[in-house]
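The values are calculated or read from the model by the stated rules, or taken from the named source; none is laboratory data. Being a predicted model, the structure only gives us computed values, none of them experimental. Cβ placement follows ideal geometry from the backbone for every residue including glycine, while neighbour counts extend to all protein chains displayed.
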């Protein structure tokens, strides 16, 4: 069976969500594979920040940190990362630029190794940009009416808006309508909050809210807090 999944609004590698990271391992070996690829355009200092934060997170859950230091599409084509990913008990994509992340990983040996590890039981998580790329498409925060770009399709026909509480403080619910117009299921996930699920044996999995705040399904009538579970298609 495929491994557990988490879509995180923010808070990767922080104590507030360490229980989610611990849960994602299930009974797997504690090999914590981390990719900060989404922040690569921000430079070496920012990558170093995420790698250090990830080290602390791994220590909290009693895991071995493995950094897959993919910064470019050329890096993602490099087969040397595949054996590291194959060992994973959990693969985590942290935040940054979702368009850059999707375009860097799509149709590469690194992404295929991640999917293969997940399909054989490793946990898979994405936070902020990492959560956005899990969907079938990725919306543009700064241009809500612009057509979405293709995501990596773990959760097809779904789009994720992370940092949702912060975003809706900046703009009223009316600003969500352009996002809804693109179709599919639109999810809003607050900061320090995750939507988590495990393999149900079917084409849809029941996702549950965990963490400090809330998550929402957004449609033409507005945002609807997820109370209990929401069933979403998962491509295994």
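Filtering segment 100-113 to residues that are in contact (Cβ under 8 Å) with a residue 40 or more places away in the chain and assigned to a loop (DSSP other than H, G, I, E, B) leaves only 106.
If you go through segment 7-32 and keep only what is more than 13 Å from residue 61 (Cβ to Cβ) and touching a residue at least 60 places away in the same chain (Cβ under 8 Å), you end up with 7, 8, 9, 10, 11, 16.
Of everything listed in (1) modelled with pLDDT under 95; (2) assigned to a loop (DSSP other than H, G, I, E, B); (3) on the phi < 0 side of the Ramachandran plot, the single unmet condition for residue 183 is (3).
Please indicate, with yes or no, whether at least one residue in segment 150-169 is in a helix (DSSP H, G or I), at pLDDT 95 or above, touching a strand residue (DSSP E or B) at 6+ places or on another chain (Cβ under 6 Å) and surrounded by 21 or more Cβ atoms within 10 Å (Cβ to Cβ). No, segment 150-169 has no match at all. Restricting attention to segment 87-95, does a residue exist that is at pLDDT 95 or above, farther than 23 Å from residue 203 by Cα and surrounded by fewer than 19 Cβ atoms within 10 Å (Cβ to Cβ)? Yes, that holds for at least one residue.
The condition of being assigned to a loop (DSSP other than H, G, I, E, B), in contact (Cβ under 8 Å) with a residue 12 or more places away in the chain and in contact with a helix residue (DSSP H, G or I) (Cβ under 7 Å, 6 or more places away or on another chain) holds for only one of 95, 62, 130, that being 95. Checking each residue in segment 201-236 for being part of a strand (DSSP E or B), modelled with pLDDT of 95 or more and in contact with a helix residue (DSSP H, G or I) (Cβ under 9 Å, 6 or more places away or on another chain) picks out 210, 211, 215, 216. Please verify whether residue 38 is farther than 29 Å from residue 226 by Cα, crowded, with 18+ Cβ neighbours inside 10 Å and touching a residue at least 12 places away in the same chain (Cβ under 8 Å), treating the condition exactly as stated. No, not satisfied. Answer with yes or no whether residue 116 is surrounded by fewer than 21 Cβ atoms within 10 Å (Cβ to Cβ), part of a helix (DSSP H, G or I) and in contact (Cβ under 8 Å) with a residue 40 or more places away in the chain. The answer is no for residue 116. Being out of contact with any helix residue (DSSP H, G or I) (no Cβ under 6 Å at 6 or more places or on another chain), surrounded by 22 or more Cβ atoms within 10 Å (Cβ to Cβ) and part of a helix (DSSP H, G or I) is a description that applies to residue 24.
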